[in-house]
Amino acid sequence: MFGGVRRKVSQQFAKLRPSKKWSVGSSPTSSAGIPRPLAPDTFGFWRSLSLAVFPPRGILKNMEKLILSILPEKFGICHFEKKSPISDWALKGEFFSITKTDRELSIVYPQEKIPPGVLFEKDWRAFRIEGVSEGIYVPGIIASLSKPLAENRISIFNISTYQTNYIFVEEKNFKKAKEILKKFCNLRE
């Protein structure tokens with residue numbers, strides 16, 4: 001099925017091969033001064049390239065019809081100053097996500113359990129991606145979900161974990177998002 005496409009891609013990437021043998025760790029540049037990939041003739045580079053262009057059949061099968069579980073609760077997205085301590089309430093429960101960077105502290109939490117006085121963006125609904133056992137090694141899943149939503153002016157908030165992803169949409173766009181996603185995903189409520 002991919003024979004002709006593989007040949008064409010191979011021919012395109014053959015142009016990237018150097019005229020002289022590169023050693024691992026060398027980093028020649030093109031005549032324009034653009035860095036070329038390290039050691040393109042090593043197995044790792046070509047394997048990575050082939051996985052990106054031609055994912056294994058099992059992954060393609062899963063990507064044809066993704067399974068999305070709809071989480072029942074509404075979530076709030078809390079924003080705190082970067083030096084704020086993480087409160088105990090944020091560490092309890094079945095679902096929470098805490099992200100602390102040099103710029104901010106964000107906490108995603110079921111909104112009915114967020115304590116009074118905490119400012120948050122309310123009414124976010126979540127889709128959990130199911131059945132993708134390869135986790136972080138599967139390219140293109142978020143793009144395949146976010147692109148049709150973006151084309152319909154629906155913003156997302158994404159949380160990635162090692163095993164899966166959670167796509168959040170605002171409650172006001174939830175019904176429309178479900179209609180869009182069920183065209184190419186199986187939805188579980």
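Data table
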read-out: Which listed residue, of D123, D102, is part of a loop (DSSP other than H, G, I, E, B) and either under 18 Å from the mean Cα position of the chain (by Cα) or in the same structural domain as F184 (by TED's automatic domain parsing) (or both); value: D102
read-out: Subset tally (residues that are at pLDDT 95 or above and more than 26 Å from K82 (Cβ to Cβ)) for region 101-145; value: 4
read-out: Matching residues, region 114-133, being surrounded by fewer than 18 Cβ atoms within 10 Å (Cβ to Cβ) and closer than 24 Å to T164 by Cα; value: E121, K122, D123, R128, E130, G131, S133
read-out: Matching residues, region 148-181, being of a type outside the set (F, W, Y), modelled with pLDDT under 95 and surrounded by fewer than 17 Cβ atoms within 10 Å (Cβ to Cβ); value: S160, T161, Q163
read-out: Region 84-111 residues that are under 15 Å from N158 (Cα atoms), paired with ones that are loosely packed, with under 11 Cβ neighbours inside 10 Å (beta carbon under 6 Å, 6 or more apart); value: S106/T99
read-out: Breaking point among (1) more than 15 Å from S69 (Cα to Cα); (2) surrounded by 13 or more Cβ atoms within 10 Å (Cβ to Cβ); (3) modelled with pLDDT under 95; (4) of a type in the set (D, E, K, R), for E94; value: (2)
read-out: V138 vs. criteria touching a helix residue (DSSP H, G or I) at 6+ places or on another chain (Cβ under 9 Å), in contact (Cβ under 8 Å) with a residue 60 or more places away in the chain and of a type outside the set (G, A, S); value: yes
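The values are calculated or read from the model by the stated rules, or taken from the named source; none is laboratory data. Given the structure is predicted, the values throughout are model-derived calculations rather than measurements. Heads up, the Cβs are rebuilt from the backbone with ideal geometry, glycines too, and the neighbour counts pull from every protein chain shown.
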